[in-house]
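S.K.: Sharing a structure, written as structure tokens. Questions coming.
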Amino acid sequence: MNRGALEQLRKAVGADHVVSDPHDLVIFERDASITGALPDAIVFPADTAEVSKVLRIAAAHGLPVVPRGAGTGLSGGAVTIRHGIALSLARMHRILEIDAGNRTATVEPGVVNLDLSQAAARQGLFYAPDPSSQKACTIGGNAAENSGGPHCLYYGVTSNHVLGMEVVLADGSVHRVGGDNPDRPGLDLLGVLVGSEGTMAVITKIQVKLLPLPEAVTTLMAAFPTIETASHAVSDVIAHGIVPAALEMMDHATVGAVEAHYRAGYPTDAGAVLLVEVDGLTESAQELMDQVRRLLESNEAFSCRVAADAAERELLWAGRKGAIGALGRIKPNYYLHDGVVPRTRLPEVLRQVGEVAGRYRLPVANVFHAGDGNLHPNILFDLRETGVMDRVEKAGEEMLRACIDAGGTLSGEHGIGLEKNAFMPWIFGPDDLDAMQRVKDVFDPGGSLNPGKVFPDAERKEARLLARSGVASEAQWW
Ligand SMILES: Cc1cc2nc3c(=O)[nH]c(=O)nc-3n(C[C@H](O)[C@H](O)[C@H](O)COP(=O)(O)OP(=O)(O)OC[C@H]3O[C@@H](n4cnc5c(N)ncnc54)[C@H](O)[C@@H]3O)c2cc1C
């Protein structure tokens, strides 16, 4: 980045809020995926006006801009592969309003998901989308990724909860999309921008729906002899017209790691464990849970246990939500995939996932939102092992291919980012991709917002990801 651009950025947001020292840049080199590249500068605006100024400067100097929340993304979305500006929204972290009467909240993009839920709970409300990363990830990142979470099976993913947004386009202009009115006339631009992964606009304010806290919540843990029997149980529950608030699965490997860390009481001899939650009025929740339990037991469930109180419930969830971290007990690195399959094909695809892992001599742990067929095979490896990345990437690709061949799709919630843009032609024809590109061009004609993501990237020489560890080297990307 030239000195003039850097000076202008410092003037726009304050010298303390621009980081360009090569040592400090390394902190922003990665997200939670397996890829990384250094930005030229990290810029921390304080408000919408400063975001607008930064984008105008970037446009004038032809600099790429990659918006960044907490960097917990799993598909490389926040990685600055073309360098330029990493635009961190971390300083914009105010909850601007909780309107209990209208059950809405208006927040800045850097608000952490769990902070919003905790603030809403003080008024008897909650924000439903709860990614397992909710202690760290931001509402801006959630809106950009259209994130899901354990409770999205019943309540719906982020797009079902965002009412309106303020956004800044690549030319620095500020716009408002959506709003309070439930039946908005005109084109649904909000629908276009939620889930656009930072490629079309920078989100600077978000208005979301809040829901009343349910009167009763009941959580059940059930063990199964195999992952197949657990998968059949999931299909059976849904086939009986029951949609629990959450229906999560952990396989044997995950249960072992989680139990060693959290001591949540998961049976380590289980082939798989399901965590089921239902909520609502006290009596109906109890009745529904009894029905679920009978169905699970008719599918070989054993050691069924309903959490006796809020503390036990929280412990069970801590294990599930902390599962990815706990897997560090098995191997130091992970590559977490995010495919979707029709629920009835779960057992077959999980078997294929196991076969692929075996063929590439890689341990795999499955922890996922089973209720909506969203698979998360987590390939565990040690980056220090020579040549391991090649096996990891090939295995990951084959697992995703198995999902597509079973009638599924490339991502349930983690987005396409950098990780899966080369695979977009598996599910979209050239005309579809061209139509999507033309929509992006309307919002970002110069292509400066998060370039090289989502759309297949003609400039990337290798179709495969080039994952690595340590300090970024340009040569590894191009
Ligand atoms: C342990 C773990 C568990 C997870 N569990 C889940 C889960 O259950 N469900 C789920 O869906 N995901 C999950 N994730 C993935 C991740 O947490 C989500 O994708 C999350 O929404 C990312 O938020 P973030 O603030 O970290 O965004 P980042 O990673 O910083 O960015 C993600 C993308 O959003 C864009 N972006 C960020 N902020 C803005 C903004 N203000 N304007 C425009 N674009 C923006 C970035 O450019 C990037 O493309 C998990 C991740 C981890 C590490």
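No value in this document is a laboratory result; all are computed from the given coordinates. The shown structure was predicted, so the numbers you read here are calculated from the model rather than taken from an experiment. Methodologically, a virtual Cβ is constructed for each residue, glycine included, from the backbone with ideal geometry; neighbour enumeration extends over all protein chains shown.
S.K.: What number does the range 95-212 give for Rg over Rh if you use C-alpha atoms and the Kirkwood radius? Don't skip to the end; give the middle numbers.
M.R.: Working: Rg = 13.3 Å, Rh = 14.1 Å.
Rounded to two decimals, Rg/Rh equals 0.94.
S.K.: Report the normalised scattering of the chain as log10 I(q)/I(0) at q = 0.06, 0.08 Å⁻¹, calculated by the Debye formula with identical scatterers on the alpha carbons.
M.R.: -0.26, -0.47
S.K.: Over the C-alpha atoms of the range 216-325, what are the Rg and the largest Cα-to-Cα span, Dmax, in Å?
M.R.: Taking only Cα atoms of the range 216-325, I get Rg and Dmax of 12.9, 36 Å.
S.K.: Add -39500 (n - 2.57) for each DSSP H run of 4 or more in the chain, then divide by its residues: what number comes out at 222 nm, to the nearest 500 deg cm²/dmol? Provide the component values of the computation, followed by the final result.
M.R.: Numbers: 17 runs with 164 residues, N = 478.
Counting only the DSSP helices, I get -10000 deg cm²/dmol.
S.K.: Also: What does the C-alpha gyration tensor say about the overall shape of the range 311-372? Classify as rounded when a/c is under 1.5, otherwise prolate if a/b is larger than b/c, or oblate.
M.R.: Working: a/c = 2.74, a/b = 1.25, b/c = 2.20.
Here the range 311-372 falls in the oblate category.
S.K.: Choose one of G195, L295, P456: the residue whose Cα lies farthest towards the positive end of the charge dipole of the chain (beta-carbon charges +1 Lys, Arg; -1 Asp, Glu; about the Cα centre).
M.R.: So the residue we want is P456.
S.K.: Pull out a ≥ b ≥ c, the square roots of the eigenvalues of the alpha-carbon gyration tensor of the range 331-419, then state rounded if a/c is under 1.5, prolate if not and a/b is larger than b/c, and oblate in the remaining case. Each step should come with its number before you reach the end.
M.R.: On the way: a/c = 1.92, a/b = 1.62, b/c = 1.18.
Prolate.
S.K.: Scan around A100 for amide H atoms under 5 Å from its own, H built in the peptide plane at 1.01 Å from N, and keep only partners 5 or more places away or cross-chain.
M.R.: none
S.K.: Which entries of K394/K453; K420/K440; K135/K331; K209/K453; K331/K453; K11/K440 have Cα-Cα distances beyond 25 Å here?
M.R.: Numbers: K394/K453 20 Å; K420/K440 18 Å; K135/K331 23 Å; K209/K453 29 Å; K331/K453 29 Å; K11/K440 30 Å.
Beyond 25 Å between Cα atoms: K209/K453; K331/K453; K11/K440.
S.K.: If contacts are Cα pairs under 8 angstrom and at least 6 residues apart, what is the relative contact order of the range 216-325 in percent? Show your work: numbers first, answer last.
M.R.: Working: 180 pairs, mean separation 48.1, N = 110.
Worked out over the range 216-325, it gives 44 percent.
S.K.: Residue-wise, which Karplus ³J(HN,Hα) couplings in Hz belong to the range 63-77, taking 6.51 cos²θ - 1.76 cosθ + 1.60, θ = phi - 60°, and x for glycine or proline?
M.R.: 9, x, 10, 10, x, 9, x, 9, x, 8, x, 10, 10, x, x
S.K.: Evaluate the Debye formula for the range 387-444 with equal point scatterers sitting on the alpha carbons, no solvent, and hand back log10 of I(q)/I(0) at q = 0.15, 0.22, 0.25 Å⁻¹, in q order, two decimals.
M.R.: -0.55, -0.97, -1.11
S.K.: Expressed as a whole number of Å, what is the distance separating the alpha-carbon centroids of the range 303-324 and the range 51-119?
M.R.: 31
S.K.: Once you mark the GluC sites (Glu not before Pro) that are in a DSSP loop and have at most 11 other Cβ atoms within 10 Å, what is the longest gap between them in the chain?
M.R.: On the way: sites that count: E459, E462.
The answer is 1-458.
S.K.: Find the eigenvalues of the gyration tensor of the Cα atoms of the range 272-399, then list the square roots of 5 times those eigenvalues as equivalent ellipsoid semi-axes, largest first, in whole angstrom.
M.R.: 33, 17, 11
S.K.: Where in the chain are the DSSP H helices whose alpha-carbon span along the long axis reaches 24 Å or more and whose Kyte-Doolittle mean is at least -1.0?
M.R.: Working: long enough: 388-405 (26 Å, -0.23).
Span-like helices here: 388-405.
S.K.: Could you give the distance between the Cα centres of the range 401-448 and the range 335-386, to the whole Å?
M.R.: Each part reduced to its Cα centre gives a spacing of 21 Å.
S.K.: Going by amide H atoms built from the backbone, whose H comes under 5 Å of the H on L213, apart from near neighbours?
M.R.: L125, F126
S.K.: For a protection proxy built on the mean count of beta-carbon atoms within 10 angstrom, sort 124-132, 67-75 highest first, please. Mind showing how you got there, number by number?
M.R.: Details: 124-132: 21.9, 67-75: 25.9.
Per-residue mean Cβ counts within 10 Å order the peptides as 67-75, 124-132.
S.K.: So what is the relative contact order of the chain, in percent, for Cα pairs below 8 Å that sit 6 or more residues apart?
M.R.: Numbers: 1028 pairs, mean separation 74.8, N = 478.
Relative contact order for the chain comes out at 16 percent.
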